[in-house]
Structure formats: C-alpha cells, structure tokens
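Reading through the structure tokens given below for one structure.
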Amino acid sequence: MLVGLMLARNESWIIGCSLRAALLWCDKVVVIDHASTDDTGKIILDIAFANDGRVILHKWPEEEHWDEMYVRQKSLEIGRIA
C-alpha cells in the first residue's frame, strides 16, 4: 500500500488539485491541516467524502506548537497505521 503525506495551511487555491493528483497514485493520503483559516479543510473533507476513506485528515490546532520535523514525524506515524 502506498500512503501519501501532505502538510497544508491555507492552501484552498491548490489543495483540491494536489490532493486529487495524489489520489491517482496513492492508496491513501494523510493530510495535516495546520489551522487553515480559508476553505482548505472543507475542500479536503469534500474530497475525503468522495473517496471513501482514502483521505485521512488531521487538524493541527493553531495553539499547538508547529515544529516542522515533529509534524512530519507525526504524519509518518499516522500514515503507518492508515
């Protein structure tokens, strides 16, 4: 199984195309949304709904510290259990 990993923040302008393209190649995609204030989360949820469990959305709250390497490790851990 091939699981893609994506990090996103306020990516409403491109997340739909990116996620749909990733789903052409990946069995599942883990997306960590870092406190987006635009429609990024809604777009991800719409695509997840249309793709029957192939998209795993994890919301990263604004108040939680963002450490790039830590978040990438967390996405890898989520992907391993997907």
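The values are calculated or read from the model by the stated rules, or taken from the named source; none is laboratory data. In this text the structure is predicted, and so the values were computed from the model without any measurement. Backbone-built Cβ (ideal geometry, glycine too); neighbour counts: all protein chains shown. All accessible areas refer to the heavy atoms of the entire protein, side chains included, with ligands and DNA or RNA removed. Shrake-Rupley method; radii C 1.70, N 1.55, O 1.52, S 1.80 Å.
If the cut-off is a Cα-Cα distance under 20 Å, which lysines reach Lys42, setting aside same-chain residues fewer than 8 apart in sequence?
Counting by Cα, and skipping residues close in sequence, Lys42 has these lysines nearby: Lys28, Lys59.
GluC sites (Glu not before Pro), restricted to region 7-76: which are DSSP loop and have at most 12 other Cβ atoms within 10 Å? It would help to have the intermediate numbers written out before the result.
Details: sites: Glu11, Glu62, Glu63, Glu64, Glu68; in loops: Glu11, Glu62, Glu63, Glu64.
Here the GluC sites (Glu not before Pro) that fit, given the DSSP loop and packing criteria, are Glu62, Glu63, Glu64.
Rounded to a whole number, what is D in µm²/s for the chain from Stokes-Einstein with the Kirkwood radius over alpha-carbon pairs (37 °C, 0.692 mPa s)? Don't jump to the answer; show the numbers that get you there.
On the way: Rh = 12.6 Å.
Roughly 260 µm²/s, to the nearest whole number.
Largest first, what is the accessible-area ranking of His65, His58, His34 with a 1.4 Å probe? Don't jump to the answer; show the numbers that get you there.
Values: His65 135, His58 70, His34 20 Å².
Result of the area sort, largest leading: His65, His58, His34.
Could you derive backbone 3J(HN,Hα) for region 32-40 from the dihedral phi with the Karplus parameters 6.51, -1.76 and 1.60 (θ = phi - 60°), listing whole Hz in sequence and x where the residue is Gly or Pro?
So the J values, rounded to whole Hz, are 9, 9, 8, 6, 4, 10, 9, 8, 3.
If each of Glu64 and Asp38 carries a label point 7 Å out from its Cα toward its Cβ, how far apart are those two points in nm?
About 2.3 nm separates the two model spin labels.
Suppose a student asked you for the relative contact order of the chain, using Cα pairs under 8 Å spaced at least 6 residues apart; what percent would you report? Numbers along the way, then the final one.
Numbers: 121 pairs, mean separation 28.2, N = 82.
RCO, the chain: 34 percent.
Of the heavy-atom accessible surface of the chain (probe 1.4 angstrom), what whole percent is carbon and sulfur? Please report the intermediate quantities before stating the final value.
Numbers: 3010 of 5210 Å².
Looking at the chain in its full context, I get 58 percent from C and S.
Amide H of Ser36: which non-local residues (sequence gap of 5 or more, or other chain) have their own amide H closer than 5 Å, using H built in the peptide plane?
It is Asn10, by chain and number.
Once you charge only the Cβ atoms, +1 for Lys and Arg and -1 for Asp and Glu, what is the size of the charge dipole of region 36-82 about its Cα centre, to the nearest 20 debye? List each step's numbers first, then the result.
On the way: 6 positive and 10 negative charges, 64 e Å.
With only Lys, Arg, Asp and Glu charged at Cβ, the dipole is about 300 debye.
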